[in-house]
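Written below as structure tokens is the structure these notes are about.
The values are calculated or read from the model by the stated rules, or taken from the named source; none is laboratory data. All of these numbers come straight from a predicted model, not from anything done at the bench. Cβ placement follows ideal geometry from the backbone for every residue including glycine, while neighbour counts extend to all protein chains displayed. With ligands, DNA and RNA removed, areas are computed over all heavy atoms of the protein, side chains included. Shrake-Rupley method; radii C 1.70, N 1.55, O 1.52, S 1.80 Å.
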Amino acid sequence: MALMFSLSSALLLWAVFPPVNAWGLAWVALVPLLCALDRARSGRAAFGLAYAAGLAFFVAALVWIHYVTTLGLIFLSAYCALYFGVFGWLYYFLTRRKFAFLPLALLLSAGWVILEYIRSVALTGFGWASLGDSQASLPGAALLASVTGVSGWSFLVLAANFTIKEMFFGVQKKEARIFAGVLAACLVMIAGTSFSGVQVKRANGFKVALIQPNIALSEAWDPAGKADIVRGLIDLSRQALADKPRLIVWPESSFPNFMWDQPELLAEVQAFARESGAYLLFGAITRDGDKYFNSAVLMGPAGEVLDTKSKQHLVLFGEYIPFRRQLPFLQDIVGIDDFTPGAADALFNVPGLGKFGVLVCFEDTISELARRYARLGAGFLVNITNDAWFRASGQPAMHLDKARFRAAENARPLLRATNTGESCVVSADGREGACVQDNQGRRVLTRGFVVTSVYPEVQMTWYTKCGEWFIVLCVLILAAGLVASFRKKKPAAQGSNKILLIDDERTLHVMLKPILGSYGFEVISAMNGEEGLALAASEQPGLILLDVIMPTIKGREVCKRLKASPETAHIPVLFLTAKASDDDVKMEMAAGAVGHVTKPINSASLVRLIKKTIAL
């Protein structure tokens, strides 16, 4: 059952992103997984449940990779799922400590954000499908992103999932409802910002042409079609000249194979550049000795190559194999050559257009890279990408959402030129502008161009200035929580670790003894009311868990006798029962109980209630 809950979260999380794009589901998608983790009996089990959810989700979200390498898809999905697994273990650890609702919600959200950040930077970084990305279409998303980066949205979405889980399936329902109200009010205020303010077009704008050639992977890898690819790009670009663009952008790897090894094709591109009188930015594979680079090349109006910048963050199992020397067998399994990362951050600088930074392929998934470009003085950003392996799927839209957040985080317009879609301009507040599309409005697997105006920005957002300060805050929050978890506890009163379970259902004793024992509680069993009364007096437990319906003496009568005896009146009683009506609860409280737990029992919620009751 717990595994089914985990896989349900994987399915819901997949539906959050394109092609389904039910982004509102993000606020509840992880609730089934959190419920499953509440039932986990060990940290290892919690890791496994969360890992299963992550693996199922990433295989579905990254399925396009199999067009390049099927084994790469398996390895990358298995790697990304590790971060889900670690979160599962962290959830198990934190929820079994004595934390009130709000600190626990903050700790879990901080832990999720930290893990997403590590995934986005470790091993050159792969931040695909982070929880916050799903909210790109939420009104006002740019406001929070410009302060915290996309991580702020991941934090809020995880906090909301935990809050909803606790409201309906936890024990701290009142606290969860209060926090849910505060969270909802904050979201309404953030959404309100999208309807305020006036978009101002600055005088220093210029026209740019974005070219989308729609070249299939089979055509791109066919040596006989190299000249047709270049001439097709030139033809589309020539049509765009009627609107007099000052910058023409072709997608990643639009110049086939190695640029410097094909002087005839290069000469045709240079001739077009001179004809256009515009600057031409295009993707190409360049080589320096035995090193290969995925590069962006800037050509001037005179046909001269002005500058080249190469991709810094390579795709795992797509552009390089990690630990190739240490694990040589991976070369035989995946079978790709390694690209070389480009040099440190550098901008293109064009007279009349200003400075801009280029994000090649998946580099628009790296928040810090776009931010560094903005800090260096880039007035706008450009993303050139292929995306042909996405084919007719929702992944191009998913990739576009990444770019929208990079624009919003830094208040910089972003130009996207893709091979197969979606090519468009993104405004400085993360909104989609003009896009390449056909007469039916299709943006993917269509050939065309769009000419639009771009207005460089110079102001710096809080995020641009301060960077990943929110990540640092999350680290501090989590560190404080872990320190609090490990701090030395005050000695408990004698007998407070003893729990007397009075219930005629033998399977319940078998289930709860190991679970509560793993938290340091000693469980004493009584199968009926008479036995329970005797053990309560002799053992003096710190808490009594009492069933309502039992043979001979009913649970409420047992509770009344316990409270009537000076020897046992001080012992708190929690009722365990399938009866949950308001009248039943009132009668239990009238008998002297301090709480009520409804069967079937959620072990994690029960443990938190026990700790809260006996103040361990």
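Checking the stated criteria, S154 turns out to be of a type in the set (S, T, N, Q), modelled with pLDDT of 85 or more, open to solvent by less than 60 Å² (accessible area, probe 1.4 Å) and closer than 30 Å to F101 by Cβ.
Across the stretch 337-370, the number of residues qualifying as surrounded by fewer than 24 Cβ atoms within 10 Å (Cβ to Cβ), within 27 Å of the chain's Cα centre (by Cα) and not hydrophobic (A, V, I, L, M, F, W, C) comes to 4.
In the stretch 381-391, is there at least one residue being under 24 Å from the mean Cα position of the chain (by Cα) and surrounded by fewer than 20 Cβ atoms within 10 Å (Cβ to Cβ)? Checked against the condition, which is being under 24 Å from the mean Cα position of the chain (by Cα) and surrounded by fewer than 20 Cβ atoms within 10 Å (Cβ to Cβ), the stretch 381-391 yields at least one hit. Among the residues of the stretch 519-533, is any open to solvent by 10 Å² or more (accessible area, probe 1.4 Å), over 40 Å from the mean Cα position of the chain (by Cα), of a type in the set (S, T, Y) and under 29 Å from A40 (Cβ atoms)? Yes: the stretch 519-533 contains one or more residues that are open to solvent by 10 Å² or more (accessible area, probe 1.4 Å), over 40 Å from the mean Cα position of the chain (by Cα), of a type in the set (S, T, Y) and under 29 Å from A40 (Cβ atoms). Condition first: at pLDDT below 90, farther than 28 Å from A278 by Cα and hydroxyl-bearing (S, T, Y). Can you find one or more residues in the stretch 391-402 that meet it? Among the residues of the stretch 391-402, at least one is at pLDDT below 90, farther than 28 Å from A278 by Cα and hydroxyl-bearing (S, T, Y), which makes the answer yes. Sort out which residues of the stretch 414-425 are open to solvent by less than 10 Å² (accessible area, probe 1.4 Å) and without any contact (Cβ under 8 Å) to a residue 60 or more places away in the chain, and write them in order of number. The one that is open to solvent by less than 10 Å² (accessible area, probe 1.4 Å) and without any contact (Cβ under 8 Å) to a residue 60 or more places away in the chain: L414.
Each row is one residue, and each column tells you yes or no for (1) part of a helix (DSSP H, G or I); (2) of a type in the set (A, V, I, L, M, F, W, C); (3) crowded, with 20+ Cβ neighbours inside 10 Å.
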residue: F75; (1), (2), (3): yes, yes, no
residue: A81; (1), (2), (3): yes, yes, yes
residue: F84; (1), (2), (3): yes, yes, yes
residue: L90; (1), (2), (3): yes, yes, yes
residue: F93; (1), (2), (3): yes, yes, no
residue: K98; (1), (2), (3): no, no, no
residue: P103; (1), (2), (3): yes, no, no
residue: L107; (1), (2), (3): yes, yes, yes
residue: R119; (1), (2), (3): yes, no, yes
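Taking the stretch 431-441 as the range and being buried (at least 20 other Cβ atoms within 10 Å of the Cβ) and assigned to a loop (DSSP other than H, G, I, E, B) as the test, only V436 passes.
Can you go through A273, A242, A296 and tell me which one is at pLDDT 90 or above, closer than 21 Å to C424 by Cβ, of a type in the set (A, V, I, L, M) and buried (at least 21 other Cβ atoms within 10 Å of the Cβ)?
One residue alone meets the criteria, A296.
If I filter the stretch 600-614 down to residues being open to solvent by 40 Å² or more (accessible area, probe 1.4 Å) and either in contact (Cβ under 8 Å) with a residue 40 or more places away in the chain or part of a helix (DSSP H, G or I) (or both), which single residue comes out as nearest to L104 (Cα to Cα)? Restricting to residues being open to solvent by 40 Å² or more (accessible area, probe 1.4 Å) and either in contact (Cβ under 8 Å) with a residue 40 or more places away in the chain or part of a helix (DSSP H, G or I) (or both), the top hit is K612.
Annotation note: of A569, A537, A593, the sole residue that is at pLDDT 85 or above, touching an Asp or Glu at 6+ places or on another chain (Cβ under 6 Å) and not in a strand (DSSP E or B) is A537.
Checking A397, A428, A403 one by one, the residue that is assigned to a helix (DSSP H, G or I) and open to solvent by 20 Å² or more (accessible area, probe 1.4 Å) is A397 and no other.
Taking the stretch 225-317 as the region of interest, the strands (runs of 3 or more DSSP E) fully inside it that hold 2 or more residues being over 19 Å from F348 (Cα atoms) are 255-258, 279-288, 291-299.
Taking into account only those residues within the stretch 489-511 that are at pLDDT 80 or above and in contact with a Pro (Cβ under 7 Å, 6 or more places away or on another chain), which is nearest to L535 (Cα to Cα)? Top of the filtered list is L500.
The single residue among A378, A374 that is touching a residue at least 24 places away in the same chain (Cβ under 8 Å), in a loop (DSSP other than H, G, I, E, B), surrounded by 17 or more Cβ atoms within 10 Å (Cβ to Cβ) and hydrophobic (A, V, I, L, M, F, W, C) turns out to be A378. The conditions of being open to solvent by less than 70 Å² (accessible area, probe 1.4 Å), in contact with a helix residue (DSSP H, G or I) (Cβ under 6 Å, 6 or more places away or on another chain) and of a type outside the set (S, T, Y) are not met by G448. Scan the stretch 575-584 and give yes if some residue there is open to solvent by less than 10 Å² (accessible area, probe 1.4 Å) and assigned to a helix (DSSP H, G or I), otherwise no. No, there is no match, as no residue in the stretch 575-584 is open to solvent by less than 10 Å² (accessible area, probe 1.4 Å) and assigned to a helix (DSSP H, G or I). Restricting V458, V523, V444 to those that are outside any loop (DSSP other than H, G, I, E, B) and either in contact (Cβ under 8 Å) with a residue 60 or more places away in the chain or among the β-branched types (V, I, T) (or both) reduces the list to V523. Every test in (1) open to solvent by less than 60 Å² (accessible area, probe 1.4 Å); (2) in contact (Cβ under 8 Å) with a residue 24 or more places away in the chain; (3) closer than 24 Å to S603 by Cβ is passed by S565 save one, and that test is (3).
Within the stretch 495-517, the residues that satisfy the criterion of being under 20 Å from S42 (Cβ atoms) and either open to solvent by less than 10 Å² (accessible area, probe 1.4 Å) or touching a Ser or Thr at 6+ places or on another chain (Cβ under 6 Å) (or both) are I499, H509, L512, I515, L516.
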